[in-house]
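Everything below concerns the one structure shown next.
Bear in mind that the values in this text are calculations on the coordinates, not laboratory data. Because the structure is predicted, anything quoted here is derived from the model rather than measured. Counting neighbours? That spans all protein chains shown, and the Cβs are built from the backbone with ideal geometry, glycine included.
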Amino acid sequence: CVADASSLYANTDVLQTAMSLTRAEYFTLDDGEQGYEPMFPEQYILQKQLTKAALKGAVVISFVVGDHVPPCDLNVTFEKVEVQKNYNYRQFSELSVPGLKLEDYARAAGFIQQGLRYSPGGDKLPTVPLQPSANVPQASKLSVWKSGSKMNEAFMVASNHLVGKMMRDEGRAAIYRVHGNAGDMHGEILPRDVAWFTREPGFHDGLGIGPYCPSTSPLRRLQDFVMHYHLWLRDNNKTPTQNDLKIMDDAILSLNRRAIYDSVARTLPRRPNHLKV
C-alpha cells in the first residue's frame, strides 16, 4: 500500500525537480532507523503520506501466496482500506518476532522470495547459482524474514516484479531495471555488477528475476515517480502521449548517466593519477 503520487506528475515544478534528481540518498540514523533524503520538497510529501484518520489515495498491490499452504487462510480485501497505525522500520521489526500475528507476513515473505528465486543482495550478482526453491520453506530459511526491514524488502521486490510483468504483458511503456546482460548496449559500457534502466523488459541477474519495474517508492526515486503516473494512465484506460514517452526516455537517459558516472567514480581511486579525468 503506497501513497499515490501520480497527481504530482502534472505539477511542472515537481516534475522538473524530480527529473533533475536521479536518485534519493538513503542512510542510517543513530538509533538504527533508516532515513532518506527525499526527492520531493517536504510540503508535497506531507500531502501524500498515509497517516491515521486521513483519507489519502494509495496504490495497493495484493498477493495470493502459496497453493493450499500457509498463509492461505488470510482474507485480503481492499473495498475499504484503513491505516490504523504507521510503523517505522525499527518498530515493525520489533513486532515481527515468532509467535505474534505479524509472523504470517514473515511466512508470506518467505514464500514470495522462494517463488521468485530471490535472495537478499540487491544489484549484486549471486556468488553461486540460485537453486530451485522447495514448496515449503524450512524454519531456518524463514528466520531472516522475521525482521521487518527484510520482510519489506521481499514484498518490495515481488511488487516491482509483478508490476513489470503486468506492463510487459499488456505492451505498455515502462521503466525496467536490468542487470548482468552483457549483450545489451549498456552492458558493453558498464561492468556486469552495475544495473541500468531501459524501456525493454530484461532480466535482473542480481535479484534472479525478470522483468523488474521499480514502482514502490514514488516519493523517493525518479523511476518510481514516473511509473506511478503511467500506472495511473493504465488504471484510467488512457494512453501515454508522445510527451509522456519523451519524459520517460529522458528519465531513463538521466538514470543511466548516473549509473555510468557512479561506475567510473568507483574506479578512479584505483587509476594512476595521469589517467584520472
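By the scheme Lys and Arg +1, Asp and Glu -1, what is the net charge of all other residues having a beta-carbon under 14 Å from that of Cys213? Could you put the intermediate results ahead of the total?
Values: positive: Lys165, Arg168, Arg172, Arg177, Arg199, Arg221, Arg234; negative: Asp169, Glu170, Glu200, Asp224.
Net local charge, Cys213 excluded: +3.
Roughly speaking, what is the stretch gain from Thr241 to Ile45, that is 0.36 nm per residue apart minus the C-alpha to C-alpha distance, in nm to one decimal? Please list the in-between numbers first.
Working: separation 196, 0.36 × 196 = 70.56 nm, distance 2.63 nm.
Extra length from Thr241 to Ile45 when fully extended: 67.9 nm.
When the chain is fully extended, how far beyond the present Cα-Cα distance does Ala58 get from Met19, taking 0.36 nm per residue of separation?
Separation in residues times 0.36 nm, less the Cα-Cα distance, equals 11.8 nm.
Just grab the label-to-label distance for Glu94 and Thr28, each label 7 Å out from Cα along the Cβ direction, in nm (one decimal).
Going from the Glu94 label point to the Thr28 one covers 1.8 nm.
Applying a 10 Å radius around every beta-carbon, put 235-242, 161-168, 55-62 in order of their mean neighbour count, most first.
Numbers: 235-242: 9.8, 161-168: 19.8, 55-62: 12.8.
Ranking the peptides 235-242, 161-168, 55-62 by packing returns 161-168, 55-62, 235-242.
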